[in-house]
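What follows draws every value from the coordinates through simple rules; no lab data is involved. This is a predicted model, so every value here is computed, not measured. Backbone-built Cβ (ideal geometry, glycine too); neighbour counts: all protein chains shown.
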Amino acid sequence: MFGRRYCLGWVTSPAATELEMIVLDWLAKLLNLPEQFMSKGNGGGVIQGSASEAVLVVLIAARDKVLRSVGKNALEKLVVYSSDQTHSALQKACQIAGIHPENCRVLKTDSATNYALRPELLQEAVSRDLEAGLIPFFLCANVGTTSSTAVDPLAALGKIANRNEMWFHVDAAYAGSACICPEYRQYIDGVETADSFNMNAHKWFLTNFDCSLLWVKDQDSLTLALSTNPEFLKNKASQANLVVDYKDWQIPLGRRFRSLKLWMVLRLYGSETLKSYIRNHIKLAKEFEQLVSQDPNFEIVTPRIFSLVCFRLVPVKNEEKKCNNQNRELLDAVNSSGKLFISHTALSGKIVLRCAIGAPLTEEKHVKEAWKVIQEEASYLLHK
């Protein structure tokens, strides 16, 4: 009904293309994204397989856009900026796109800003590179980092990016879903300064993997960088501009019919149910955070924003190395119990435990049971 399968990929029908445009416009409206990201103009959305694919295609689009202006021999001068909390997918995208490793500026963050990127550090780095004759061309900001759900100040960063004609990409892979709730929309304030915005519906939006949503303001930048048009792919619908050829918005030629499952989620649950679902997870995370705060053996490492709680056993007499080892042991003990699974990260040299609440069937009793297991394992460890 929606596609004709040939030996080399999908030839998508107008109906399938239209459905993808419709659901991405629906979600853009839920997120209150700027008009430029909607399909009625030169912008629009596309469903990628992952946030890694999303950042790769916009990086390539940004690279080719600047090289068309300054000449292809300037590749070695292109500079990418991000914080040290940005997902490693950006590093891989730079490797694939041919950006020299020494031109990847990974700017340091710390607890003073809850691990958000400081605009003044970005401006200093950009100024130094301009003085050195380099070309700042791409900035990746975060809304909900993997380690601690840090949120970068989009508006301030966007002004710097726009002033220096850099492509500004916002990675909200995890936390973007929460921003459909009016009380959390503030965390993407400044998105109007961005060139692209990404969130993963398969992370916290009741949608099966894979379904990563990418919006761009200028679809031509993508298609100029990624389009191919061999004879065997030519068809009347494309040549008459009756369809959007999403093959030109992504790396692979073939693509799954991902928009159908997102359409079903939106139609089945509706916006209010989805908001309640997200709010409940955040409420449960807040309850877990309170339980941790009440135990003198533990501390909250970063303020909780969404449904991730970063915590750890407190060090005794500032023995940080010993404390890190204890937290690693606690992590292994808790996960070996088979009753729950938590993950970890490192922030400012500290090993930090991470409790992420996001499963559809998680209830308050599960949060309390999880904390009981953690306390029991911690007690055994501390008295061993």
For the range 271-382, inverting the pair-averaged 1/r of distinct alpha-carbon atoms gives a Kirkwood value in Å of 14.5
Applying the gyration tensor rule to the Cα atoms of the range 39-125 (axes a ≥ b ≥ c; rounded if a/c under 1.5, else prolate if a/b exceeds b/c, else oblate), the class is oblate
Among Ser111, Ser196, Ser82, the residue with the largest mean-square fluctuation in a Gaussian network model of the chain built from Cα contacts under 10 Å is Ser111
Taking Asp152, Asp110 and counting other beta carbon atoms within 10 angstrom, the fewest-first order is Asp110, Asp152
Counting only DSSP loop positions in the range 46-146, the trypsin sites (Lys or Arg not before Pro) whose Cβ has at most 14 other Cβ atoms within 10 Å are Lys108
Counting all Cα-Cα pairs in the range 343-384, those more than 16 Å apart amount in percent to 54
Measuring from the longest principal axis of the C-alpha atoms of the chain, the long axis of helix 364-382 (C-alpha) lies at a number of degrees, nearest 10, equal to 60
Label model pair Ser271, Leu107: point-to-point distance (7 angstrom along the Cα→beta-carbon line) in nm is 3.3
The whole-number value in µm²/s of the Stokes-Einstein translational diffusion coefficient for the range 83-168, with Rh from the Kirkwood sum over alpha carbon pairs at 20 °C and 1.002 mPa s, is 161
Contact order relative to length for the range 255-330, counting C-alpha pairs under 8 Å separated by 6 or more residues, stands in percent at 18
Which of Lys322/Lys365; Lys92/Lys372; Lys159/Lys247; Lys350/Lys384; Lys275/Lys365 exceed 29 Å between C-alpha atoms? The answer is Lys322/Lys365; Lys92/Lys372; Lys159/Lys247
Residue-normalised 222 nm signal for the chain, counting each DSSP H run of n ≥ 4 as -39,500 (n - 2.57), nearest 500 deg cm²/dmol, is -13000 deg cm²/dmol
